[in-house]
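Novice: Once you've had a glance at the structure underneath, I'll fire off some questions.
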Amino acid sequence: MSGQPVPAGLDIEPHVLREYALIADGERGALVGPRGDVVWMCAPSWDSDAVFTSMIGGRGGYAITPVDRYVWGGSYEPGTLIWRSRWVTADSVVECREALAFPGEEHRAVLLRRVIAVDRDARVRIVLQPRAEFGKRALSGLKREGKVWTGRTGNLRMRWSGGGPAQPTGAAGNHALSVEMTVPAGEHLDLVLEISDQALPDEPVRPDDAWRATENAWHDAVPTPRSCLSPVETRQSYAVLRGLTSAGGGMVAAATTSLPERAAAGRNYDYRFVWIRDQCFAGQAVAADGPHELLDRAVRFVGARLLEHGDRLAPAYTASGDTVPDQRELKLSGYPGGHDRVGNWVNKQFQLDTFGESLLLFAAAARHDHLDEQSWRAAEIAINAIAHRWTEVDAGIWEIDNRAWTHSRLICAAGLRAIAAARPSGGRAGDWLALADRIVANTAAHALHPSGRWQRSPDDVALDGALLLPPIRGALPASDPRTVATLRGYEQELTLNGYAFRFRHDERPLPEAEGSFLFCGFLMALATHQQGEDVKAARWYERTSAACGPPVLYSEEFDPDQHQLRGNLPQAFVHALQFETSVRLAE
C-alpha cells in the first residue's frame, strides 16, 4: 500500500444528527459521521473529558475520507455496533468497517478501523488529531517505530498502528497526523488507535485478533428476540442498549452531552450518566422477551444503589456508581443551535418515581426467577422509601420543578402492585397492596380532572404523556374509566399527524414548542394495544419507529416538520421502549 503525507489538518463541519452512527464498547462510545469523521469520544470512560470534541465546537477528531467525490451510505452488521461506512465514488466503492473493541476495557479504548477497497484501488485521506480535556491538550511526544506512532495528549497515552506513512502537520501546538493512502483493489488497510490513562501494553493490538474477538463478543451478547414486529431493528435496539452498558451494569442515558433539544432554547444537557429510571425501563423492556443479560445488569446496578443509599437514592449516577458532578460550561461554541455543558443538576433532585420503577424492574426479574435475596432486600428498601416519602413533592419524570406529580405517585402504586404479585406468599404483600390503594385514592382525590381523566398534578390541570404509563404498568386496570379518559384526552390534545408530544408548554402549536417525544409515541402504541386496538397500536409503532436516520438511532425528540432528530444521541430509554413495544405488540 502506498501513502504520502498531506498538509491538511482537521476542519470538521457538523452534520445533522440523523447521519451519525454510534460505535460503543460498554465503557465509552464514539460518533462517526458520513465523511468518516469520528467527532465525539470520551476517554477512558463515558463521563471523562472528550478526546474528540469537534461535534460540540472543540478541537480533535479522526477522519478517514475518500479523496474523490462520493456519496455516502452505511449500515450496522446485524446485532452489533460494528458500523460499515460505504462511499460510492465515480469509479469505485470504498468501505470502512468501524468498531470499538468489544467488550471494552476500563482504562483503554481500542478504536478499530478497516478501510476496504471493494472493487478498485481506493485512495483515502486520513487525519488523526486526538486532543484531551475537550480539545485543550495537543498531541505531544510523537514518535514513530515502523508503522506505529505513539504520543500523549494531556494525561492520556496514545498508540496508532497502521498509519506509519503519516506525518505531523499543522502549526505547533495543533499537530495532527495526516496522510493520503492507496488501498489496492480487493485489499484492506487496518488502523488501530489505542488511548489509555494508564501505561499501554508492550505489544500493539493485532487487528485480526481484535476484530475476531469483537465479532464473537457481539454475537454472544445480543440475543435474537423470540417474537417481535421488526426483528432486525429490535435486535439492533438491544445492541445499542448493550453498547451503552458498562461492566458494572450501569447504562448511560446517551453517549453525548449538549446536543440541543431545540435551537437557541437553552435545553442542552449532559446525558453521559446512568438514570435509575432509564435503567429500569431497559430492564423491563428486555424482560418482555426473556431473562436476558441486560435485565440482570440493571437489577445489579439499581439494587446496589438502593442498598447503599436507601431512601436517599439519587435519580442518576455515573456508570461507576459515583455521584453525578455539578453542571458547568466548557466555553466552546457548541453544536449549532446549542451551547456546551457537562455535569447535570439532577444530582440535586428527588424523583419519587425512581422507587416505583425500581420495584417494577425487580418484579420483572422475579417473574423470570432472576431476583436473589440481596435484590429482594433492595426491593424492600424501595418499598419503605415509598411508604415514607410518597407524600413529598418531587422533580418528576421530566425534571422540571417540585410538585406532587401524578405520574410519580401512580407509578409507585404500579411498582407496589407488581412486587406484591411477585411475592404473594409470606412477607407483607397485603400491606404493599394496601399502600398502593391508598396512594391511588389520595391521588384521585387531588389530581383527577373534572372530565374524569388524570391531570399532571393537583395544581396543574393539563395532560401529560407520562400519565399513559401507570396503567400500562398495572397501577390501575386498562378498563378503569380514568385510564380510558386519559388516553382519549391525550390522543385528542397532545398528538398531531401521528406524532406524540409530552405536554403543552404554552399556546403555540405543539411542534413550535418542542419536538415530538419518541418515548410518548411508543407509549401510545402500548396504551392502544392494551385497549385491544391492535391496528391503531401498530400504526403508532410504525410511525414512531420510523423517526430515525439511516443508522436507525433514536434521539429523545423528533422534529415532525423538518424530520430531524433533536437532543442527545442515542437515547437509551427510547431504544428500550422500541424493543418492548415491538415485542409486546407481537404477542
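The values are calculated or read from the model by the stated rules, or taken from the named source; none is laboratory data. Since the structure is predicted, the reported quantities are computational estimates derived from the model, not experimental observations. Cβ atoms come from the backbone with ideal geometry, glycine included; neighbour counts cover every protein chain shown. Protein only, heavy atoms only, side chains kept; ligands, DNA and RNA dropped before computing areas. Shrake-Rupley method; radii C 1.70, N 1.55, O 1.52, S 1.80 Å.
Novice: If we keep just the residues of segment 206-226 that are more than 26 Å from G249 (Cα to Cα) and of a type outside the set (D, E), which is most open to solvent (accessible area, probe 1.4 Å)?
Specialist: Here the residue is R206.
Novice: Tell me which of these T257 doesn't satisfy, since it passes every other one: (1) more than 28 Å from L371 (Cα to Cα); (2) surrounded by fewer than 17 Cβ atoms within 10 Å (Cβ to Cβ).
Specialist: That leaves (2) as the condition not met.
Novice: Checking the condition closer than 24 Å to R403 by Cα, out of contact with any His (no Cβ under 7 Å at 6 or more places or on another chain) and charged (D, E, K, R), which residue from D480, D431, D437, D464 passes? Write out each step before concluding.
Specialist: Working: D480 fails: closer than 24 Å to R403 by Cα; D431 fails: closer than 24 Å to R403 by Cα; D464 fails: out of contact with any His (no Cβ under 7 Å at 6 or more places or on another chain).
Within the list D480, D431, D437, D464, the selection yields D437.
Novice: Continuing with this model, one more query. Here is a list: H505, H529. Which entry is assigned to a helix (DSSP H, G or I) and either over 16 Å from Q571 (Cβ atoms) or open to solvent by 20 Å² or more (accessible area, probe 1.4 Å) (or both)?
Specialist: Numbers: H505 fails: assigned to a helix (DSSP H, G or I).
Unique residue meeting the criteria: H529.
Novice: Cβ-Cβ distance below 6 Å, separation of 6 or more or different chains: which pairs start in segment 330-354 with a residue that is closer than 17 Å to R389 by Cα and part of a loop (DSSP other than H, G, I, E, B) and end on one that is open to solvent by less than 50 Å² (accessible area, probe 1.4 Å) and at pLDDT 90 or above?
Specialist: These pairs meet every condition: Q349/P315; Q349/A395; F350/D394; Q351/P315; Q351/D394; Q351/A395; L352/D394; L352/S408.
Novice: Here is a follow-up. So how many residues does segment 319-373 have that are among the basic types (K, R) and surrounded by 19 or more Cβ atoms within 10 Å (Cβ to Cβ)? Lay out the reasoning, then the answer.
Specialist: Our first condition is that a residue be among the basic types (K, R); within segment 319-373, this holds for 328, 331, 341, 348, 367.
Within this subset, residues satisfying the condition of being surrounded by 19 or more Cβ atoms within 10 Å (Cβ to Cβ) are 341.
Residues meeting the conditions: 1.
Novice: Among the residues of segment 29-47, are any within 19 Å of the chain's Cα centre (by Cα) and among the acidic types (D, E)? Give the steps one after another, and end with the answer.
Specialist: Pass one, segment 29-47, residues within 19 Å of the chain's Cα centre (by Cα): 29-33, 38-47.
The next check asks that each one be among the acidic types (D, E); those that pass are 47.
Yes, some residue in segment 29-47 is within 19 Å of the chain's Cα centre (by Cα) and among the acidic types (D, E).
Novice: I'm checking my understanding of the structure. Among residues of segment 532-587 that are more than 17 Å from A500 (Cβ to Cβ), among the small types (G, A, S) and in a loop (DSSP other than H, G, I, E, B), which one is farthest from the chain's Cα centre (by Cα)?
Specialist: Residue satisfying both the conditions and the ranking: G532.
Novice: Then there is this: How many residues are of a type in the set (A, V, I, L, M, F, W, C) and either farther than 22 Å from A576 by Cα or out of contact with any helix residue (DSSP H, G or I) (no Cβ under 7 Å at 6 or more places or on another chain) (or both) when one looks only at segment 504-533?
Specialist: Of segment 504-533, the ones of a type in the set (A, V, I, L, M, F, W, C) are 510, 513, 517-520, 522-527.
Narrowing the set further to residues that are either farther than 22 Å from A576 by Cα or out of contact with any helix residue (DSSP H, G or I) (no Cβ under 7 Å at 6 or more places or on another chain) (or both) leaves 510, 513.
Residues in segment 504-533 being of a type in the set (A, V, I, L, M, F, W, C) and either farther than 22 Å from A576 by Cα or out of contact with any helix residue (DSSP H, G or I) (no Cβ under 7 Å at 6 or more places or on another chain) (or both): 2 in total.
Novice: Oh, and also: Which of the residues that make up segment 466-494 are touching a strand residue (DSSP E or B) at 6+ places or on another chain (Cβ under 6 Å) and under 20 Å from V574 (Cα atoms)?
Specialist: L467
Novice: Could you please tell me which pairs satisfy a Cβ distance under 7 Å, a separation of 6+ or placement on different chains, a first residue in segment 566-587 that is within 15 Å of R277 (Cα to Cα) and open to solvent by less than 10 Å² (accessible area, probe 1.4 Å), and a second residue that is hydroxyl-bearing (S, T, Y) and at pLDDT 95 or above?
Specialist: Note: pairs meeting the criteria are Q571/Y554; Q571/S555; V574/Y554; H575/S237; H575/Y554.
Novice: Output the number of residues of segment 397-408 satisfying the condition of being at pLDDT 95 or above and either within 26 Å of the chain's Cα centre (by Cα) or surrounded by fewer than 22 Cβ atoms within 10 Å (Cβ to Cβ) (or both). Don't jump to the end; show me each part of the working.
Specialist: Narrowing segment 397-408 to residues at pLDDT 95 or above: 397-398, 402-408.
Okay, now just the ones that are also either within 26 Å of the chain's Cα centre (by Cα) or surrounded by fewer than 22 Cβ atoms within 10 Å (Cβ to Cβ) (or both), so 397-398, 402-403, 405, 407-408.
Final tally of qualifying residues: 7.
Novice: State the number of residues belonging to segment 451-486 that are more than 23 Å from V393 (Cβ to Cβ) and in a loop (DSSP other than H, G, I, E, B).
Specialist: The number of residues fulfilling the criteria is 7.
Novice: Consider V110 carefully, then state whether it is closer than 28 Å to T257 by Cβ and out of contact with any Pro (no Cβ under 8 Å at 6 or more places or on another chain). Walk me through how you get there before you give the answer.
Specialist: Values: closer than 28 Å to T257 by Cβ: yes; out of contact with any Pro (no Cβ under 8 Å at 6 or more places or on another chain): yes.
Taking the combined requirement at face value, the residue satisfies it.
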